[in-house]
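To keep things clear, I will list the structure first and then write my remarks on it.
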Amino acid sequence: MRKTLLILSLLLGAGPARAARLERVEELGPVRIHGKAAMMLGPWTARSLEFDKPVALRSLRVELRDGSGRPVRDLSNLCHVTFSYSRSLPSDEPWQIATVDATTPRFAFPDGYGFILVPGQRYALNAMAYSDSAAVDRELRFVVVLELEDDPAGAGIRPLRLAQVGIRAKDAGLPGYTGPHDWLVPPGRHEYAHEGPAPFSGRLFVIAPHLHPHVAGYRLEEPGGRRLLDVKIAGKTAGGLARPGDTVWADPAGVPVDAGKRYRWTVVYDNTTDHPIPVMASFLSFYAP
């Protein structure tokens, strides 16, 4: 059953209300998981969204419910939820705008920044489940919350543009697991990298990656080896999940990037199990020219 809820909250400063924020809540599903379901091949559900005025996306988060609507705290059966454009654009913008997953169930822009959503454009939410256990038999619902700035200009939101970089199986020098973008990591600590030219010039403010359990970190470097950012992901649980928020990088000062100049993205996986695990690595890169 489809559920959509808009909640208007006034954020108060020392004086009058500074700006209005909306929370748009969408419930997707249910989907049923019965036995094992491979990464990117699990049961899924989708929803189209439109907006009647320009708003700024400030954050995206997901919560799970069981078939009876009770909260599910264990996120191990969550593959991902993506927020994206639902049709091709006459521009160079990537299709995908934001992703949350079991490793990072909430993504938020730094204060003062956002991604502008416009009327007349159709967007989509896609939610997928995952299971590595033959014993799983359950229904899941996905409760997705989009925090929106109702008046981006009035709130002083600096709009960000978006580029996407991914490390694919062929970049890792391994055959694909279920497709061209994922691969199997053997037990132990391993690094995988992709090098290529930057598609834009400007300052990089936010990295919102899509990574899998047992990720240990990622880096962005110039070809000569100078590190522009080095994110170490700690706080693993027994299941290999990082603490929420550990994977997102943000810096209000930004990192300068030059179009056409080559940069190297590296992801580190530390597989503490005794068997190969399927992984991916993509980086949604938000910048201002």
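Computed from the coordinates by the stated procedures, all read-outs in this text should not be read as laboratory data. Note that this is a predicted model, so its numbers are computed, not measured. No Cβ is skipped: glycine too gets one built from the backbone with ideal geometry, and neighbour counts run over all protein chains shown.
Here are some notes:
- Total lysine pairs whose alpha carbons fall under 30 Å of each other in the chain (8 or more apart, or interchain): 8
- Seen through its C-alpha gyration tensor, with square-root eigenvalues sorted a ≥ b ≥ c, region 91-168 comes out prolate because a/c lies at 1.5 or above while a/b is bigger than b/c.
- The listed peptides 181-191, 219-229, ordered by packing as a protection proxy, come out as 181-191, 219-229 (highest mean of other Cβ atoms within 10 Å first).
- Relative packing of 249-262, 151-164, which averages over residues the other C-beta atoms within 10 Å, highest first: 151-164, 249-262
- Simple spin-label estimate for E50 and H190 in nanometres, 7 Å along Cα-Cβ: 4.6 nm
- Theoretical gain in end-to-end length, R226 to A38 [0.36 nm per residue, Cα-Cα removed]: 64.0 nm
- Cα gyration tensor, the chain - rounded (a/c under 1.5), prolate or oblate: oblate
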